[in-house]
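The values are calculated or read from the model by the stated rules, or taken from the named source; none is laboratory data. All of these numbers come straight from a predicted model, not from anything done at the bench. All Cβ positions, glycine included, derive from the backbone under ideal geometry; neighbour counts span all protein chains shown.
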Amino acid sequence: MIKSEPRSILQFLATHFDLLRELFDIQTSNEVITLSQVDNTLKNHESEVKTQLLEYKLLVPQNDDFIINEPYFVLFEFILQQFKPLLPEEIEKFGQSIRNLFGKIKENNLDDINHLLARIEALSKEINKFRTAVTNNTISLLNESRELKANTQKIDYQQKVHQARNWIENYIKPLNSILDVNHSQSIFNELLEISKYSNKKRFDNSIETLRTQFEKLYSLLRQVIADINKQSIILSNELLPLIERIKTESEYLKGFHNYLTNGNCWKKYEPPHIFTTTRDNLYNPFIYENTKNYFEQFKNEEDVIIVEEISEDKHWFFERSVYKSKLESNLPVDDFFAWCEKSLKEEKDDFSFDNYFMITSLMFDEDFNIETLQEKITIKTKQGELIMPKLKIEKKEYELSK
């Protein structure tokens with residue numbers, strides 16, 4: 001348990017950032033920090049804060065050594081954008097957790113609403129963790145690949161090719177399969193399935209609290225799916241071609257190096273003429289005449305003005321709270337379905353059945369009383385015609401218990 005004030009810990013992190021970063025780099029390289037490395041780091045920075053490091057739980061013991069406490073380590077990874085590449089199996093565990101929670105949610109019979117709400121919240125947390133893991137993994141692989149291409153560690157050609165193959169086979173291709181929308185068992189497809197399910201449940205569920213939670217889950221998934229799709233594009237269009245070029249270039253260079261260093265090759269093959277020099281002008285000798293002819297053809301040309309019609313295709317979003325407030329202000333309403341049509345046309349003249357049914361979902365709200373009349377009404381759109389009963393809707397009156 002940390003007894004210090006949170007503000008004091010944050011101030012300590014800012015004041016001793018360089019020292020903590022050095023400890024972070026040591027653990028990143030060696031997985032642990034020895035006692036002598038802790039003492040040497042403190043000595044290098046002329047600092048005597050060993051007591052605070054332990055008191056704030058920045059360092060925790062691991063046998064005879066130390067490690068940076070996981071929450072702080074994750075914080076430094078995020079701040080420094082230095083993430084360790086995760087194996088596909090480490091990312092797949094999020095997918096398994098997401099599938100299990102989604103399966104439990106689908107088979108829930110509403111006997112225990114609180115348990116169902118807890119599972120929806122847990123599912124949202126796992127989806128967020130999965131998005132973070134994929135984003136960090138892509139950043140890590142991209143940084144590692146760029147360093148490999150630049151060969152900052154000065155490794156030889158054979159080792160460079162081996163490393164490139166390792167990234168492709170053990171990290172990039174498996175991760176790409178996890179995110180591939182065309183792969184039936186991918187986590188990405190599982191997220192699409194959850195999105196469809198939550199979109200349906202946020203309208204047709206009879207309990208207000210559940211509708212709200214499913215709406216939050218659907219909103220989260222819209223953003224997560226966009227983010228995951230972006231990472232998949234980076235993998236396919238940038239990372240995989242970069243690694244393939246590293247592998248190909250290194251193989252070419254290795255072959256050329258062997259050709260130059262192997263004396264027997266000179267006897268079998270004649271070396272190419274690499275340094276043949278030529279001389280040419282930077283511009284065509286007839287550039288003046290060609291340019292003059294080009295501009296003269298437009299001398300007597302009439303001006304043409306093209307006016308493009310810009311059509312604004314705005315995506316319509318159902319703001320439930322706004323329409324509910326509008327309905328409450330108009331109560332009682334003698335013809336609910338006609339009111340829905342009129343209200344929708346005020347905002348969107350050319351509406352679809354999907355738009356219309358989103359508004360009619362207000363009749364399931366627990367705050368309203370519904371009375372069915374004998375008359376029928378007709379709603380017409382470009383998609384077809386709806387014939388529905390006439391409904392009267394009023395505000396539900398709640399009696400106070402004596």
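Comparison of 380, 345 shows that the only residue that is basic (Lys, Arg) and farther than 18 Å from residue 319 by Cα is 380.
With the condition kept exactly as written, say whether any residue in region 111-126 is of a type in the set (Val, Ile, Thr), exposed (fewer than 14 other Cβ atoms within 10 Å of the Cβ) and either over 21 Å from residue 227 (Cβ atoms) or at pLDDT 85 or above (or both). Before the answer, list the steps.
First, the residues of region 111-126 that are of a type in the set (Val, Ile, Thr): 113, 120.
Going one step further and asking which of them are exposed (fewer than 14 other Cβ atoms within 10 Å of the Cβ), we end up with 113.
Filter once more, keeping what is either over 21 Å from residue 227 (Cβ atoms) or at pLDDT 85 or above (or both): 113.
Yes, there is a match, as at least one residue in region 111-126 is of a type in the set (Val, Ile, Thr), exposed (fewer than 14 other Cβ atoms within 10 Å of the Cβ) and either over 21 Å from residue 227 (Cβ atoms) or at pLDDT 85 or above (or both).
Consider region 325-341. How many of its residues are touching a residue at least 60 places away in the same chain (Cβ under 8 Å), touching a helix residue (DSSP H, G or I) at 6+ places or on another chain (Cβ under 7 Å) and either small (Gly, Ala, Ser) or not in a strand (DSSP E or B) (or both)? Quick ask: steps written out before the conclusion?
Filtering region 325-341 for residues touching a residue at least 60 places away in the same chain (Cβ under 8 Å) gives 327-328, 331-333.
Keeping just the survivors that are touching a helix residue (DSSP H, G or I) at 6+ places or on another chain (Cβ under 7 Å) gives 327, 333.
Now restrict to residues that are either small (Gly, Ala, Ser) or not in a strand (DSSP E or B) (or both): 327.
Of the residues in region 325-341, 1 are touching a residue at least 60 places away in the same chain (Cβ under 8 Å), touching a helix residue (DSSP H, G or I) at 6+ places or on another chain (Cβ under 7 Å) and either small (Gly, Ala, Ser) or not in a strand (DSSP E or B) (or both).
Just to be sure, is residue 10 aliphatic (A, V, I, L, M) and surrounded by 11 or more Cβ atoms within 10 Å (Cβ to Cβ)? Criteria not met by residue 10.
Looking only at residues in region 218-233 that are in contact with a Leu (Cβ under 7 Å, 6 or more places away or on another chain) and not small (Gly, Ala, Ser), the one that is farthest from residue 358 (Cα to Cα) is 231.
Between 373, 400, which is outside the structural domain of residue 207 (by TED's automatic domain parsing), at pLDDT below 80, among the hydrophobic types (A, V, I, L, M, F, W, C) and exposed (fewer than 14 other Cβ atoms within 10 Å of the Cβ)? If you could, list the steps in order and put the result at the bottom.
Values: 373 fails: at pLDDT below 80.
That would be 400, the only listed residue that is outside the structural domain of residue 207 (by TED's automatic domain parsing), at pLDDT below 80, among the hydrophobic types (A, V, I, L, M, F, W, C) and exposed (fewer than 14 other Cβ atoms within 10 Å of the Cβ).
Determine if region 200-223 includes at least one residue that is at pLDDT 85 or above, out of contact with any strand residue (DSSP E or B) (no Cβ under 7 Å at 6 or more places or on another chain), over 29 Å from residue 368 (Cβ atoms) and loosely packed, with under 14 Cβ neighbours inside 10 Å. Checked against the condition, which is being at pLDDT 85 or above, out of contact with any strand residue (DSSP E or B) (no Cβ under 7 Å at 6 or more places or on another chain), over 29 Å from residue 368 (Cβ atoms) and loosely packed, with under 14 Cβ neighbours inside 10 Å, region 200-223 yields at least one hit. For region 349-396, taking the residues that are free of Cβ contacts under 8 Å to residues at least 24 places away in the same chain and not in a strand (DSSP E or B), the one that is nearest to residue 203 (Cα to Cα) is identified as 354. For region 315-363, filtered to residues that are touching a Lys or Arg at 6+ places or on another chain (Cβ under 9 Å) and basic (Lys, Arg), the residue that is modelled with the highest pLDDT is 320.
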